[in-house]
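Step one of this worksheet: look at the structure below.
The values are calculated or read from the model by the stated rules, or taken from the named source; none is laboratory data. Computed from a predicted structure; not experimentally measured. Note that we place each Cβ from the backbone using ideal geometry, even for glycine, and neighbour counts take in every protein chain shown. With ligands, DNA and RNA removed, areas are computed over all heavy atoms of the protein, side chains included. Shrake-Rupley method; radii C 1.70, N 1.55, O 1.52, S 1.80 Å.
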Amino acid sequence: MTRGSDVAATLRAAGCVFAEDEAKVLLGAANHPDELNRLVERRVKGQPLEHIVGWADFCGTRMAVRPGVFVPRRRTEFLVRKAAMLAKPGAVVVDLCCGSGALGAAVSDQLGNCRLHAADIDPDAVHCARLNIEPRGGTVHHGDLYAALPAELRGTVDVLLANAPYVPTRAIGMMPQEARVHEPRLALDGGTDGLAVQRRVALGAAGWLRPGGFLVMETSRHQAPGTARILGGAGLRVELASDEELDATVVIGHRA
């Protein structure tokens, strides 16, 4: 298999919605027809394209993504845009539940420079995030939410990014195979109502944000009212924002 049309037809038959685009990516990643066949076979078996080629196109930049790590979604680019509008160059930015670190890296790119920190409980995610965060001068920490962060950041954070898992446990089985099989469950499972990790993030946010700082949290349209109540209950002023084209919803909490 050497022609893009053949690759696209194979991917389309396997149910890949963006078969032509994916075919171009796989053709660009392969150095030999045999390698291309192996890459196509992996995709047909349901492996995420980003895990196969080792990167995701996020906010117009190739971000490293490794097998077993959550793949940044296009809808999350909306969170990045909102966060970059709230921050200023030189701001202290923390990417909590960072996964690949793509969110923090993209905000850093848009600001030009910032004091960037990221944290995740998954060691595979931490390893991957360092590939994206450290070249931008940032630091990645391993641990559970705020416990991973250095104490000197307390009360200094300008913008806290949180794409915490928000899929209700019962709904994980209905997710596409490439997510439920190839991405870590802890990056997906938000507990019974999907809001368990968001509650923990919100509970600690005010102690880490500086006065005037912001928590920017992704959620679903259906869960947005619940997320807003959680942030409001944590003492933050709340604003909801959405982008219909990206099917993206974020809740912004402002520490007065």
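In table form, for the structure just shown:
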quantity: Residue in the stretch 227-240 that is acidic (Asp, Glu) and under 20 Å from the mean Cα position of the chain (by Cα) present; calculated: no
quantity: Out of Arg38, Arg66, sole residue that is in contact (Cβ under 8 Å) with a residue 40 or more places away in the chain and open to solvent by 70 Å² or more (accessible area, probe 1.4 Å); calculated: Arg66
quantity: Residues of the stretch 104-114 that turn out to be open to solvent by 10 Å² or more (accessible area, probe 1.4 Å) and in contact with a Ser or Thr (Cβ under 8 Å, 6 or more places away or on another chain), as a count; calculated: 2
quantity: Boolean, Ala164 is open to solvent by 10 Å² or more (accessible area, probe 1.4 Å), touching a residue at least 60 places away in the same chain (Cβ under 8 Å) and within 21 Å of Val80 (Cβ to Cβ); calculated: no
quantity: Search result, residues across the stretch 164-185 that are under 17 Å from Pro48 (Cβ atoms) and either of a type in the set (Phe, Trp, Tyr) or assigned to a helix (DSSP H, G or I) (or both); calculated: Ile172, Gln177, Glu178, Ala179, Arg180, Arg185
quantity: Inter-residue pairs, beta-carbon under 8 Å, first on the phi > 0 side of the Ramachandran plot and in the stretch 108-133, second surrounded by fewer than 24 Cβ atoms within 10 Å (Cβ to Cβ) and not polar (S, T, N, Q), 6+ apart; calculated: Gly112/Pro89
quantity: Meets criteria (under 18 Å from Phe70 (Cα atoms), modelled with pLDDT under 95 and among the basic types (Lys, Arg)) for Arg185; calculated: no
